[in-house]
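One structure, pasted below without further comment.
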Amino acid sequence: MSAHTHRMPFGATVHADGADFALWAPSAEIVMLEHHAVAGETSSQPMTRDGKGWHRLAVPGVGHGDSYRYRLPDGTRVPDPASRFNPEDVHGPSVVIDPQRFEWTDGAWRGRPWEEAVVYELHVGTFTEEGSFSAARERLGELAELGITAIELMPLADFPGQRNWGYDGVLPFAPDASYGAPDELKALVDTAHSLGLMVLLDVVYNHFGPEGNYLHAYCPEFFNPGHQTPWGAAINFDGPGSRTVRDFFIHNALYWVEEFRFDGLRMDAIHAIHDETRPHIVNEIREALDAGPARERHVHLVLENDANQASMLMRDGRGMPVAGTAQWNDDLHHAVHVLATGERDGYYADYADDPVCRFACALAEGFIYQGQPSAFRHGERRGEPSTRLPPQAFVSFLQTHDQVGNRAFGERIHALGDPVLVRAALACLLLSPHVPMLFMGDEFAASTPFQYFCDFGPELAAAVSEGRRAEFGGFAMFADEAARARIPDPNDEATFLASKLRWRERGTRAHFSRLSEVQQLLDLRHRLIVPRLAGMAGAGVYRCENDMLQVQWDMASARLHLLAHFGAQPVEGATAPPGEVVYSDGATTDREGALHLARGAVRVTLEALHGG
């Protein structure tokens, strides 16, 4: 058994004699620390301010579970921005946490190489009926048995109210109390490791949520008005005082990986981070992880980056990532969505021209947009060439929380698309060299939607509800007010409850069929494809014609061939890909060796190379 603590200059640090408190507030001349002991005693003491804007105080006798908050000169009481736990929500006091109290059992855990990753994205609040860390922990064995090797938790940073996607967090170090206590999150990670599962955490470093962020009141230096965002002034990564702000987020990354033993982070929307310094904050976080926890175990950094910056995913001379280990590949999703559903509105218009060929390009090269102009962006060029990147630099998927939840009614792709084409696309994804990701419920074609939900205070709640309905007003199907009124209210608890998975569906005939198929595909992947992924250096090669795609990738001692047919009519007499057939569905070979492909057919072969 062992304990893990990340020491940082922010927040409350417990030691044998009490605790040290530190708050960076350059614009506040006086800050009072209000401390309430578990035993019931309350005290209020001035903190000592230094020339750099730090307010510090050592308080003897403080222990685990004591609550505290800071009182500003105008009387406002605020939680610690580096709070480890805020059980009374974002406006309440913070609680002192002693990380040494939790005893880990995963001492032998060294993580997993990235090429072994099969990611499962989940929202803790809707993954189970209970919506807690402890309830999610009980389901991990079923995911491991399915063939999942990594779970990715949507953001946990404390958000206002009892329900939220997590992207409105305002206390980045505090797991939201609606899911449970910090030790219950640690127990989830500890159990995952015992099952061979990596655990990744989605973190948001591009903005704070709209309710409960008090930093503007006493630390405007945390923001840079020279960069404006939809949330106001950008977080200050490159202006005066930015060194402390950068350290705040670097320590946050290290905190989750060291103190909670996460195996990596998924950084939300780095294209929305304004940072003109070098190294970029993403590179600096990578350097900090490499210099710390990554010396002892595998630690991965996954990016969301709408700019398709391949430079953020490059490898060094040892094949190690210089910044991101991988990036969410929205391009592949968009092509599949158009292909399977026929929808061409909004950004899908950029993928409407020959979506089968665009899907093939994404499978082979990762990005589709590698510097080409985007019609949706009024001719703006998007992306960088990605053919030098290994396929494992791309986390690819048929849907995510974004692509489902940003729809008016939160429908999943298997509820919208042609089931034959969705099934074929899923096989292509799971048997490709990309790192595949499933959104919770994908594995059994869940009937539940995933809708946008939140729990803001009354004034903000009304604005969010009206704004969401107005957002869809430009679509023909929501042109009239009555149609817009049917869009679920994000603040209504029923919207949240409707998004919870129904685990009993897994055992019913239609859903169990999908579950079994996914398990079989992942078994094939782990046995035949994953062992050959290490060392892949670049893109595959693709061809497409008549709604049929062919992609090949060179792997260790073998060439992987993928053939898939998405056309309306069967194909007679296609050329069979060389090599041993490892998967075939809807594809038959006649006596002359010609291949006959039904609609939605997929065939995968492995061709031995160099005597392998």
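Just so it is clear, none of the values below were taken in a lab; they were calculated from the coordinates. Computed from a predicted structure; not experimentally measured. Glycine gets a Cβ as well: all are built from the backbone with ideal geometry, and neighbour counts include every protein chain shown.
Report, in deg cm²/dmol and to the nearest 500, the calculated mean residue ellipticity at 222 nm for the chain, where each DSSP H run with n ≥ 4 adds -39500 (n - 2.57) and the sum is divided by the residue count.
The per-residue figure over the chain is -7000 deg cm²/dmol.
Packing-wise, with mean Cβ within 10 Å as the measure, how do 326-332, 136-142 rank, highest first?
Per-residue Cβ counts within 10 Å, averaged per peptide and sorted highest first, yield 326-332, 136-142.
Summing +1 for each Lys or Arg and -1 for each Asp or Glu, what net charge is found among the other residues whose Cβ lies under 15 Å from the Cβ of Arg69?
-4
Compute the relative contact order of segment 536-608 as a whole-number percentage, counting only Cα pairs closer than 8 Å that sit 6 or more residues apart in sequence.
Result for segment 536-608 is 31 percent.
Given segment 482-526 reduced to its alpha-carbon atoms as identical point scatterers, what log10 I(q)/I(0) does the Debye formula return at q = 0.22 Å⁻¹?
-0.78
In vacuo Debye scattering of the chain, one point per C-alpha: log10 I(q)/I(0) at q = 0.05, 0.07 Å⁻¹?
Log10 of I(q)/I(0), two decimals: -0.23, -0.45.
Would you report the distance distribution of C-alpha pairs in segment 230-304 as whole percents per 5 angstrom bin, up to the bin with the largest distance?
3, 15, 27, 25, 17, 9, 3, 1
Have a look at Gly264, Ala425, Ser132 and report the one farthest towards the positive end of the charge dipole of the chain, computed about the Cα centre with Cβ charges (Lys/Arg +1, Asp/Glu -1).
Most positive-ward Cα: Ala425.
Highest mean first, how do 350-363, 472-485 rank when packing is the count of other Cβ atoms within 10 Å averaged over residues?
350-363, 472-485
So, in Å, what gap is there between the alpha-carbon centers of segment 63-129 and segment 189-212?
Cα centroid to Cα centroid, the span is 10 Å.
Report Rg(Cα)/(2.2 N^0.38 Å) for segment 103-211, keeping two decimals. Don't skip to the end; give the middle numbers.
Working: Rg = 13.9 Å, N = 109, 2.2 N^0.38 = 13.1 Å.
That works out to 1.06 for segment 103-211.
Taking 20 °C and 1.002 mPa s as the conditions, I'd like the Stokes-Einstein D for segment 11-101 in µm²/s, using the Kirkwood hydrodynamic radius from alpha carbon pairs.
Details: Rh = 13.1 Å.
Roughly 164 µm²/s, to the nearest whole number.
From the mean inverse distance of alpha carbon pairs (Kirkwood) and the Cα radius of gyration, derive Rg over Rh for segment 304-388.
On the way: Rg = 13.4 Å, Rh = 13.3 Å.
In segment 304-388, Rg relative to Rh is 1.00.
When DSSP beta bridges are limited to those with both residues in the chain, what percentage is antiparallel, rounded to the nearest 5?
Details: 69 of 94 bridges.
Percent antiparallel among DSSP bridges in the chain is about 75.
Relative contact order for the chain using alpha-carbon pairs under 8 Å, separation at least 6, rounded to a whole percent?
Once normalised by length, the contact order is 11 percent.
Here is a further query. Using DSSP to define loop residues, name the chymotrypsin sites (Phe, Trp or Tyr not before Pro) in segment 490-561 whose beta-carbon has at most 16 other beta-carbon atoms within 10 Å.
none
In Å, what Rg and Dmax follow from the Cα atoms of segment 264-409?
So, for segment 264-409, Rg and Dmax equal 16.0, 47 Å respectively.
Over segment 162-261, one equal point on each Cα, no solvent: what is log10 I(q)/I(0) by the Debye formula at q = 0.14, 0.15, 0.17 Å⁻¹?
Relative scattering, expressed as log10 I(q)/I(0), comes to -0.63, -0.71, -0.86.
So if the hydrodynamic radius of segment 319-365 is defined as the Kirkwood radius over C-alpha pairs, what does Stokes-Einstein give as its diffusion coefficient at 4 °C and 1.567 mPa s, in µm² per second?
113
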